[in-house]
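Bear in mind these aren't lab numbers, they're just calculated from the coordinates by the rules spelled out. Since the model is a prediction, treat every value here as computed from it, not as a measurement. Cβ coordinates were reconstructed from backbone atoms using ideal geometry, including for glycine residues, and neighbour counts include every protein chain displayed.
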């Protein structure tokens with residue numbers, strides 16, 4: 001069951017309406033700021049826009065810069081609100097300990113300044129962080145303190161969000177009686193505020209909280225078997241009339257309603273709601289794909305423009321240096337005439353002058369070579385991003401073919417399971433496609449989900465073993481989507497035609513500059529399929545080889561995909577071993 005925990009993140013003290021202001025105008029304001037107070041304000045506003053655009057790394061950078069200026073100015077009246085923003089952004093991207101550190105500083109200053117509003121928001125966010133960390137007792141402690149402050153201030157909107165989060169803790173602990181009690185109390189607090197506010201941030205807070213509570217109550221009733229009550233509240237979610245309504249929430253509500261009708265035996269309505277769920281899911285996927293394509297296009301154009309500007313700058317600098325050189329040569333000729341006239345007295349001076357100018361010329365050429373190296377590095381990164389994006393449609397095409405087989409077989413249960421796993425995998429795929437490096441544990445999760453999807457198609461399930469040795473999978477970073485094509489190659493070309501026990505072993509070994517990844521299968525080997533492989537080679541594997549060649553070309557090393565045929569004592573094929581070296585940086 002999906003649970004949405006509210007983050008009471010308001011991005012306090014923003015002097016601009018980010019819906020109307022552009023980053024260009026904010027950067028212009030920063031560059032023309034008259035004093036440090038204005039600089040701090042513009043930096044916070046830029047961080048706000050970056051947060052709303054989803055660029056959390058830049059968001060936290062700009063807000064921290066704003067906080068440093070306020071620390072220098074000893075302006076505690078605004079500083080604790082910056083700490084609040086920093087803590088909320090860090091918590092949003094999973095850096096919980098750092099988030100707690102900044103929120104605790106915000107809490108201490110709020111207490112000194114007796115700002116009960118900010119103190120309540122800070123305590124609520126601390127509760128949500130501990131909730132995400134599965135420290136339920138600590139989370140409940142902070143929620144209760146926040147709720148007391150909201151009650152004292154008669155702030156029923158903030159109180160409703162905190163009470164709903166408390167209900168989510170009980171739901172997580174499967175105490176559905178108490179979770180429903182808290183959800184209902186939260187609903188009683190928030191419903192009277194529906195339609196009352198014209199101010200944008202108030203409307204968003206009220207409507208998103210109300211929709212969230214309907215969703216939680218509906219899912220909980222379905223979980224405890226009270227299907228009619230559950231569908232009543234879930235229908236409120238799918239019919240929620242708000243421009244801020246969550247399409248993801250509606251999609252999950254349609255799915256829950258479909259499952260409830262299925263339990264009741266009403267398969268016609270179950271199918272009807274499942275179709276709505278699927279259509280909305282496709283809409284979300286298409287929207288995310290379009291957003292991803294737009295972001296890639298914008299990034300490409302920005303890099304292209306940056307390269308053009310850099311090339312123009314180098315050209316102008318070279319022309320300027322040539323003019324300087326021409327003038328200096330003229331000056332040198334005049335100096336030589338004077339030197340000839342004055343003979344030995346000025347001869348030493350002329351020699352020194354010539355040596356200085358030669359040093360200047362060599363410096364200019366060295367600067368030009370450095371610029372060229374920067375341009376080559378930018379070209380390599382664009383090439384790697386393009387190769388990574390080629391893997392996405394290749395993998396999606398294969399997965400959709402598998403889904404089509406289940407639909408043709410009228411296998412409803414497998415189709416449900418496959419769609420769910422496929423959606424989770426596609427979400428990870430879209431997130432990773434924008435990153436140069438991802439944690440090893442996330443890449444392992446992607447390949448495990450992929451293997452689970454492939455296993456749905458086979459009667460003899462494939463056993464996957466992963467050995468990471470002493471590697472810290474959460475802090476070790478590798479380039480994304482390198483391992484999945486190897487796994488796909490092992491399944492399609494090694495295990496698909498094998499009967500009986502099927503195994504694939506993934507072994508990771510860490511070295512100074514790279515991670516050695518070894519994929520071993522007990523399939524039929526490559527030799528029986530040699531003719532077929534020549535005609536229909538795995539395109540994902542081809543792209544992987546190109547990516548490896550492009551990455552390692554910069555170091556002068558040659559690390560490609562390496563194959564080894566495994567045989568027994570009678571030289572009969574027993575499987576295939578594939579190895580690649582994944583860089584830790586490039």
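Quick look at the numbers
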{"read-out": "Rounded if a/c under 1.5, otherwise prolate or oblate - the stretch 399-460, Cα gyration tensor axes", "value": "prolate"}
{"read-out": "Ranked list, fewest to most other Cβ atoms within 10 Å of each Cβ, for 78, 427", "value": "427, 78"}
{"read-out": "Gained length - residue 111 relative to residue 228, 0.36 nm times residue gap less alpha-carbon distance", "value": "37.4 nm"}
{"read-out": "FRET efficiency estimate (nearest 0.05) - Cβ-Cβ, residue 308 to residue 333, R0 30 angstrom", "value": "0.20"}
{"read-out": "Label-point gap, in nm, between residue 577 and residue 401 - each point 7 angstrom along Cα→Cβ", "value": "3.0"}
{"read-out": "Order by protection proxy (mean Cβ within 10 Å, highest first), peptides 114-127, 216-229, 79-92, 508-521", "value": "79-92, 114-127, 216-229, 508-521"}
{"read-out": "Mean shadow area of the stretch 1-154 over all directions, Cα convex hull, nm²", "value": "9.9"}
{"read-out": "Cα shape, the stretch 418-489, gyration tensor, a/c 1.5 rule", "value": "oblate"}
{"read-out": "Gained length - residue 133 relative to residue 584, 0.36 nm times residue gap less alpha-carbon distance", "value": "159.5 nm"}
{"read-out": "Shape of the stretch 435-583, Cα gyration tensor, a/c cut at 1.5", "value": "prolate"}
{"read-out": "Distance from the stretch 400-468 to the stretch 108-156 (C-alpha centre basis), Å", "value": "39"}
{"read-out": "Relative contact order for the stretch 77-160, counting Cα pairs under 8 Å that sit 6 or more residues apart, in percent", "value": "22"}
{"read-out": "Packing-based ranking, highest mean first, of 564-572, 129-137, 207-215 given that Cβ atoms within 10 Å are counted", "value": "207-215, 129-137, 564-572"}
{"read-out": "The stretch 1-154: relative contact order as a whole-number percent, Cα under 8 Å and 6+ apart", "value": "18"}
